[in-house]
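Written below as structure tokens is the structure these notes are about.
The values are calculated or read from the model by the stated rules, or taken from the named source; none is laboratory data. Fair warning: this is a prediction, and the values are worked out from it, not measured in the lab. We place every Cβ from the backbone using ideal geometry, glycine too, and count neighbours over all the protein chains shown. Only protein heavy atoms, including side chains, enter the accessible area calculation; ligands, DNA and RNA are left aside. Shrake-Rupley method; radii C 1.70, N 1.55, O 1.52, S 1.80 Å.
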Amino acid sequence: MDSITKNLAKAQTSSKIVCAKCPTRSKCLNATLTVNEIDSLPAQYIQCTTLHEGDYLYRKGDPLTHIYNLRFGSIKSEIILQDGMRQVTHFSLPGELLGLDGIANGKHQVDTICLSTTEVCLITIGNLKKLTREFPSLMNGIENSLGALLNTTNIHMFDLVNLNATEKLADFLVSYANRLSTAGFDRDNFTLTMNRADLASYLGVKIETLSRSISQLEKMGAIKMNNRQVEFISRKPIFELINPKSLREKHDLKQVRNNAFPPSLDKRKS
């Protein structure tokens, strides 16, 4: 029996207790429901459970049984490559939904592992379908989450291909800080929940390269970093480093170089 199944067997939390004064309710799947509508739901309709560092929320290949809303804590998503190596694909923060990767074929496509003590709210797929029929506006939350996840994935793919290690780190820190801010946390002084190995995996760089990139951002006067504690000193050097215009010019130049004819073929063209 996995960790979440064990915890659910002990869970006795009602929807009313779970949702009352929840700090992430504005970002939750139930954000469109009124307090009275939530209170009208049967007990155990929405459950809440606590997991600990290293626990799996779900694993690749597990059947899709629930959709999860992260109340607090942090969870990493990762895939196992053919050579056995693990690739981190996402870090989830409070207020974000998990489980959407299983919608396509009813099975989860990634492993999700808690990076700290974590609390999640969860609703069964069956109950979610009932709720969306009764409250169609709930579909907006699912659609918005799917759209945000797709946008994040596309941006991350661009970064992996086109940015150098320092640019990747700078872009990640700004984005991560902004996501923390929307969840009500300090965007200028915060603690990363992931270790350097996980962050290096996500950025597609070696740990040694990541360390050099951290030092580079510190020398630029952008951040101070002590272990996992990050303090923004100034965002100006970062914004200059990852200026969209300069990044686009670099990207276009790279494409031209990659698609350029060899010298011999250029002569043939003329």
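What the table shows:
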{"quantity": "Number of the exception - ILE103 against (1) open to solvent by less than 30 Å² (accessible area, probe 1.4 Å); (2) out of contact with any strand residue (DSSP E or B) (no Cβ under 7 Å at 6 or more places or on another chain)", "calculated": "(1)"}
{"quantity": "Failed item in (1) in contact with a helix residue (DSSP H, G or I) (Cβ under 7 Å, 6 or more places away or on another chain); (2) part of a loop (DSSP other than H, G, I, E, B), with SER145 passing the rest", "calculated": "(2)"}
{"quantity": "Condition check for GLN255: modelled with pLDDT under 90 and over 16 Å from PHE190 (Cα atoms)", "calculated": "yes"}
{"quantity": "Count - residues of the range 112-139 that are surrounded by fewer than 20 Cβ atoms within 10 Å (Cβ to Cβ), within 14 Å of the chain's Cα centre (by Cα) and in a strand (DSSP E or B)", "calculated": "0"}
{"quantity": "Where a residue in the range 190-206 is over 14 Å from SER92 (Cα atoms) and its partner, wherever it lies, is hydroxyl-bearing (Ser, Thr, Tyr) and in a loop (DSSP other than H, G, I, E, B), with Cβ under 7 Å and at least six apart", "calculated": "none"}
{"quantity": "Answer from THR24, THR65, THR89, THR50 - the residue that is within 26 Å of SER137 (Cβ to Cβ) and touching a helix residue (DSSP H, G or I) at 6+ places or on another chain (Cβ under 8 Å)", "calculated": "THR65"}
{"quantity": "Positions within the range 162-214 being within 17 Å of GLU231 (Cα to Cα), open to solvent by 20 Å² or more (accessible area, probe 1.4 Å), assigned to a helix (DSSP H, G or I) and of a type in the set (Ser, Thr, Tyr), in sequence order", "calculated": "THR166, SER175, SER181, SER211"}
